[in-house]
Amino acid sequence: MNKINIIILIVGLLNVILGFVVLAKNKKNPSNFWFFIMCLFGGGWGVMKAVQLSVLDVEMHDLWIARIMMLGVIVAPVAYFIFSHYFPYKLKEFSKEKIFLLFLAPIAMVILTLFGIFTYTENSIVSGNLHREIIFGEFLIFSIYFFVYIVLGLNILLKKHRLSEGINKE
């Protein structure tokens, strides 16, 4: 494992530890729970990235590493979006229809990923190095999904910042 992989591994582990520390501080606060989920899956992605860059077995990449990494990057933006909804306070409740729509895409992507139908790279080992070829259509779907949840979460946080006064503004 080279220096870059070790740094990626350490940052991923620190991210996971941060999530546990925040959750332990107040388990009943929903924003702490969703921050923990975001750190767990985002940090887990970092840990698996370090593993991916260290393991030279295509079957291991296709069956385990790529799928676990995909789970991390599917769940983390949803957790960020829900975290932004609860942090530092909730503006309003989501309707049941909105909750269904918010979770429909991530659940579908997780199921397709677990069955190996949705993957945005093809892995191969060439001359002792991992090569990943991007599958454009699937990567485009994932990119749109990822940025929609990030932008929606940022929009919620900016709206709360504009409406806040006093201590919540800081």
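Using Cβ counts within 10 Å as a stand-in for footprinting exposure, how do SER95, SER127 rank, fewest first? Can you show the working numbers first?
Numbers: SER95 9, SER127 5.
Placing the least packed residue first, the sequence is SER127, SER95.
Once the Cα atoms are used to define both axes, helix 96-114 deviates from the longest principal axis of the chain by about 10 degrees.
Length gained on full extension, ARG132 to ILE117: 3.7 nm, using 0.36 nm per residue less the C-alpha separation.
Using 0.36 nm per residue of separation minus the Cα-Cα distance, give me the extension gain between ILE10 and ALA108 in nm, one decimal.
Values: separation 98, 0.36 × 98 = 35.28 nm, distance 3.10 nm.
Stretched out fully, the ILE10 to ALA108 stretch lengthens by 32.2 nm.
Backbone amide hydrogens, once placed in the peptide plane, bring ILE135 within less than 5 Å of THR121, GLU122, excluding anything fewer than 5 places away on its chain.
Listed options for Kirkwood radius over Cα pairs in Å are (1) 19.5; (2) 17.5; (3) 22.6. The value calculated from this structure is the one marked (2). For the pair VAL151 and ASP57, the difference between a 0.36 nm per residue extended length and the Cα-Cα distance amounts to 30.2 nm. Among GLY137, ILE4, PHE36, pick out the residue whose Cα is farthest towards the positive end of the charge dipole of segment 3-168, where Lys and Arg carry +1 and Asp and Glu carry -1 on C-beta, about the Cα centre. Of the listed residues, the answer is PHE36. For the chain, the longest principal axis of the Cα atoms and the long axis of helix 3-25 meet at an angle of about 30 degrees. Charged side chains reduced to their Cβ positions (Lys and Arg at +1, Asp and Glu at -1) give the chain a dipole of some 920 debye around its Cα centre.
Each residue of segment 132-146 was assigned a 3J(HN,Hα) from its phi angle through the Karplus expression (A = 6.51, B = -1.76, C = 1.60, θ = phi - 60°), giving 10, 10, 6, 8, 4, x, 5, 5, 5, 4, 5, 4, 4, 4, 4 Hz with x at Gly and Pro. With contacts taken as Cα pairs under 8 Å at a separation of at least 6 residues, segment 3-168 carries a relative contact order of 22 percent.
Test of the criteria: in segment 21-109, which chymotrypsin sites (Phe, Trp or Tyr not before Pro) are in a DSSP loop and have at most 14 other Cβ atoms within 10 angstrom of their Cβ?
Values: sites: PHE33, TRP34, PHE35, PHE36, PHE41, TRP45, TRP64, TYR80, PHE81, PHE83, TYR86, TYR89, PHE94, PHE100, PHE103; in loops: TYR89, PHE94.
Here the sparse-neighbourhood loop sites are TYR89, PHE94.
Quick note: the coordinates plus some simple rules give every number you see, no bench work behind them. Source: prediction; values computed, not measured. FYI the Cβ positions are ideal-geometry reconstructions off the backbone, even for glycines, and counts take in every protein chain you see.
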